[in-house]
1. I want to confirm something. Restricting to region 90-121 and keeping residues that are in a helix (DSSP H, G or I) and among the basic types (K, R), which single residue is modelled with the highest pLDDT?
2. Restricting the search to region 54-84, which residues are more than 25 Å from N25 (Cα to Cα) and without any contact (Cβ under 8 Å) to a residue 40 or more places away in the chain?
3. So which pairs qualify, if the first residue must be in region 97-109 and without any contact (Cβ under 8 Å) to a residue 40 or more places away in the chain, the second must be assigned to a helix (DSSP H, G or I) and exposed (fewer than 14 other Cβ atoms within 10 Å of the Cβ), the Cβ gap must be under 8 Å, and the two must be at least 6 apart or on different chains?
4. From the residues in region 43-76 that are modelled with pLDDT of 85 or more and of a type in the set (G, A, S), which one is nearest to I147 (Cα to Cα)?
5. Would you call K135 of a type in the set (K, R), in contact with a Phe, Trp or Tyr (Cβ under 7 Å, 6 or more places away or on another chain) and at pLDDT below 90?
6. Looking for something open to solvent by less than 90 Å² (accessible area, probe 1.4 Å), in contact (Cβ under 8 Å) with a residue 40 or more places away in the chain and farther than 25 Å from G166 by Cα - is there at least one such residue anywhere in region 19-28?
7. How many residues are of a type in the set (A, V, I, L, M, F, W, C), under 23 Å from S81 (Cα atoms) and part of a strand (DSSP E or B) if we restrict to region 1-43?
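The values are calculated or read from the model by the stated rules, or taken from the named source; none is laboratory data. Just so it is clear, the model here is predicted, and its values are computed rather than measured. Glycine also receives a Cβ, built like all others from the backbone with ideal geometry; neighbour counts cover every protein chain displayed. The accessibility values were calculated without ligands, DNA or RNA, using every heavy atom of the protein model including side chains. Shrake-Rupley method; radii C 1.70, N 1.55, O 1.52, S 1.80 Å.
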Amino acid sequence: MKATGIVRRIDDLGRVVIPKEIRRNLRIREGEPLEIFVDREGEIILKKYSPIGELGNLAREYAAAINETINKAVLILDRDSVIAAAGISEKDFLGKGIGRFVERSMEERRALLFNYDKDKTEDSGIIDDDNIESKHFFHSELVIPIITQGDPIGAIVICSKEEDIGEIERKVAQSAALVISRQME
């Protein structure tokens, strides 16, 4: 655990304010749910709650099934990181933070397609990783946000190293996002 040097008091309603700098660094937004844990030493641990994370096994199985069906790399993400990967090296992606391209898709609540031939100047930004050796660059990347009750809770990403992503891949990703969305309701 890393000390921040910040001390806060509990108010008369039992509330503690999480400093703005910490919220910004951890991408904690107003109204976002946090899980509360208590360890044996009496430490209180706050963790961002990931509803899709609760479906970890389903997400892994679903990613593998999609990969087998369309023979393309598949990632399933929550609001902050990759929770399932198939068709690519899991160790390079699992647990990695989401990049700008995926964030934009979720914020705009719409599908985004990156094609290297057309978008050479834009970094696709699927994952947020400064280690350039572990960054993977794909020819095409499709991001479909998972929307539940009007809020983006994650995304399905389909990647292709050699060819464009077509309508079949788009429909498969949209179906996957819809199924996961309905699991969250």
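1. Initially, region 90-121 is screened for residues in a helix (DSSP H, G or I), giving 90-93, 100-108.
Narrowing the set further to residues that are among the basic types (K, R) leaves 91, 100, 104.
Details: K91: 82, R100: 83, R104: 89.
Selected residue: R104.
2. The first filter runs over region 54-84 and keeps only residues more than 25 Å from N25 (Cα to Cα), leaving 55, 57-74.
Matches in region 54-84: N57, R60, E61, A63, A64, A65, N67, E68, N71.
3. The qualifying pairs do not exist here.
4. That would be A59.
5. On the way: of a type in the set (K, R): yes; in contact with a Phe, Trp or Tyr (Cβ under 7 Å, 6 or more places away or on another chain): no; at pLDDT below 90: yes.
No; evaluated as a whole, the condition is false for this residue.
6. The initial filter retains those residues of region 19-28 that are open to solvent by less than 90 Å² (accessible area, probe 1.4 Å), namely 19, 22-23, 27-28.
Now narrow it down to the ones that are in contact (Cβ under 8 Å) with a residue 40 or more places away in the chain: 27.
Filter again for farther than 25 Å from G166 by Cα, leaving 27.
Within region 19-28, one or more residues are open to solvent by less than 90 Å² (accessible area, probe 1.4 Å), in contact (Cβ under 8 Å) with a residue 40 or more places away in the chain and farther than 25 Å from G166 by Cα.
7. First, the residues of region 1-43 that are of a type in the set (A, V, I, L, M, F, W, C): 1, 3, 6-7, 10, 13, 16-18, 22, 26, 28, 34, 36-38.
Among the residues that remain, those that are also under 23 Å from S81 (Cα atoms) are: 1, 18, 22, 26, 28, 34, 36-37.
Among the residues that remain, those that are also part of a strand (DSSP E or B) are: 34, 36-37.
Qualifying residue count for the region: 3.
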